Amino acid sequence: MSKKDIMGEIAKANSSVIKGVDKSEIKHWANIYIMGQRYEVPADLTIMQAMEYAGFRFIHSCGCRAGFCGACSTIYRLKGDYRLKTAMACQTRVEEGMFLVQLPFSPAVKPRWNIEKTGYEDGAFLAYFPEIARCVSCNTCTKACPQDLQVMDYIQAALRGDFKKVSELSFDCIQCGMCAVRCPAEIVHYHVAQFGREMYGRYGYPRNAVLDKRVSDIKKGVYDKEFKDLVKKNKDELVKIYKDQLANKDKFIKGG
Amino acid sequence: MKKIGYYPGCTLKTKAKIFEKTALYTAEKLGYEFIELPNWNCCGAVFSLSSDDLIHHLAPIRNLVRVQDMKEGAFLSEETLVTLCSMCFNTLKRANIRYKNSAEDRSKIKNIMDTESAYQGNVSVLHFLELFKSIEPGSVKLKRKLKGLKVFVYYGCTLLRPKEASLDDAEAPVILERYVETFGAEALSTPFSRLCCGSYQTVNAREKVVELAYKILTSAIESGADAVITACPLCFFNLKDIQNEICAAYPDFKGIPVAYFTELSAYALGMDPGEWDEEPGFIKTALAQTGEKKIKR
């Protein structure tokens, strides 16, 4: 596909943004219910796009629109299904018969912790989050997680003070709070996970020797002269230095 | 080496690390590779004992589902789960029995677990001791001699009761005695070997536990034992860690070393005593009896 064709495709895909939706071009429609009110929307939209199509304007519960920030938590149910499901509105396509509720935020409690004053010990999780001992392993949190994390498993790891496992299993958490909202034991999983990652990063994760050396060099002033010289240079000199470095990239990388 | 599913439980990862360390050492020396379940959850502790409380059975059953998954993925030689803590053993085994025997409970549990894989009911839950019950005493090559060391075996409750979950004859068990003899020491037992230590009452009625522990340990001392062994981290706490409280309540009480049964086997098989955070009392006695003065480190 030529460059011109690609641009044409992109323009076509975004035409609804520029010109508004041409209803005659939409082949598939879906009925969704927003706060109990029915709306007919193009079936290929995400929940967030569909709500905007229906006339809602997000002044809250909408952040990155890319599945990273965790702001657009949605609870929904499908017609004929008893399960309450969870999703990120920006990442989930509408389905026929969706009953939608946007969750502005999860008002879960967050204890204050100070990792410098907390011992890297088995009992640290329980000291800040005694409610994790109430986990009955029902796994509801795991089923609620829109990131498909093994939430219950990291709470179980927290119970036995396994900081590494908590960090690894919770790494992709976007803190949407669905786990905490659904938990029958009132556990605040995502805060437990954040505490675990901070502690593991501070005490458990192996130090990077290269980074330590570079930080200590900077503190010793090894690069001070070079920095001082650099800020005195004019634009042309800086461009020349930059280009020289690019041309000798390998040398700089090898030199560490 | 035979690959076998291994369930440690919380206490072995926190308060009873030496129990796990010595057990893994023993198992390896005797030809077993223990594969710890990658994502195990709580065994269910003792909550699952109430009959209408099926939600607490999800924990043990899910652990068994994971053994099933591991066997399917060929990570294990058989659908067997071995555990060490007697509380975990009891909970896992009883939940397993209940799941197998009650169609109604089975269907309720499946319904609650919903989209998770269903447990087929084929996993056998074994206690560590059961793995070695058919080993002939002479067939194990021992590095250290424990000859003359008299060991009082303490079963407690959860290895033996209820009857259907017992790892041996619930009234007249011999499995711990045989284990002790396999590793070259002399086993002693009295009816107090099977008396409850007071268990969780240690939290809210410590004086009852002190009384029970006094009776059990006095029975051990009177039988002529040099040390007491147990398989339960809670019994271990009640019998060992509160001995100073027993001394305070019963001035005639002299005290006796308490160890996990795996400490005995790991020591006999040659584990470096430097591996212990605190050298168990039986080692000192064993050294005195064999005439060895110092352990080579």
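The values are calculated or read from the model by the stated rules, or taken from the named source; none is laboratory data. Model, not experiment: these values are computed from the prediction. Heads up, the Cβs are rebuilt from the backbone with ideal geometry, glycines too, and the neighbour counts pull from every protein chain shown.
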From the set of residues in segment A:121-142 that are in contact with a Lys or Arg (Cβ under 8 Å, 6 or more places away or on another chain) and within 10 Å of another protein chain (Cβ to nearest Cβ), which is farthest from A:M178 (Cα to Cα)?
-> A:D122
Which of the residues belonging to segment B:107-126 are of a type in the set (G, A, S) and either within 14 Å of chain A (Cβ to nearest Cβ) or touching a His at 6+ places or on another chain (Cβ under 7 Å) (or both)?
-> B:S117, B:A118
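Kindly indicate whether B:L92 is in contact with a Pro (Cβ under 9 Å, 6 or more places away or on another chain) and crowded, with 22+ Cβ neighbours inside 10 Å. Walk me through how you get there before you give the answer.
Numbers: in contact with a Pro (Cβ under 9 Å, 6 or more places away or on another chain): yes; crowded, with 22+ Cβ neighbours inside 10 Å: yes.
The answer is yes for B:L92.
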State all residues of segment A:97-119 that are part of a loop (DSSP other than H, G, I, E, B), of a type in the set (S, T, N, Q) and buried (at least 16 other Cβ atoms within 10 Å of the Cβ); if no residue qualifies, say none.
-> A:S106, A:T118
Go through B:V82, B:V151 for me and flag whichever is modelled with pLDDT of 95 or more, within 26 Å of A:S137 (Cα to Cα) and buried (at least 19 other Cβ atoms within 10 Å of the Cβ).
-> B:V82
Does A:F163 count as modelled with pLDDT of 95 or more, more than 13 Å from chain B (Cβ to nearest Cβ), out of contact with any Pro (no Cβ under 6 Å at 6 or more places or on another chain) and more than 20 Å from A:A89 (Cβ to Cβ)?
-> no
Index of the failed condition, B:K208 passing every other in (1) in contact with a Gly (Cβ under 6 Å, 6 or more places away or on another chain); (2) of a type outside the set (G, A, S); (3) closer than 19 Å to B:A259 by Cβ = (3)
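Residues are listed down the side, and each one gets a yes or a no for (1) more than 22 Å from B:I256 (Cα to Cα); (2) surrounded by fewer than 21 Cβ atoms within 10 Å (Cβ to Cβ):
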residue: B:D169; (1), (2): yes, yes
residue: B:A172; (1), (2): yes, yes
residue: B:E177; (1), (2): no, yes
residue: B:E181; (1), (2): no, yes
residue: B:C197; (1), (2): no, no
residue: B:V203; (1), (2): yes, yes
residue: B:R206; (1), (2): no, yes
residue: B:A213; (1), (2): no, no
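Where in segment B:1-90 are there helices (runs of 4 or more DSSP H), lying fully within it, with 2 or more residues that are within 14 Å of another protein chain (Cβ to nearest Cβ) and over 16 Å from the mean Cα position of the chain (by Cα)?
Working: elements: B:10-13, B:17-29, B:58-72.
Qualifying helices (runs of 4 or more DSSP H): B:58-72.
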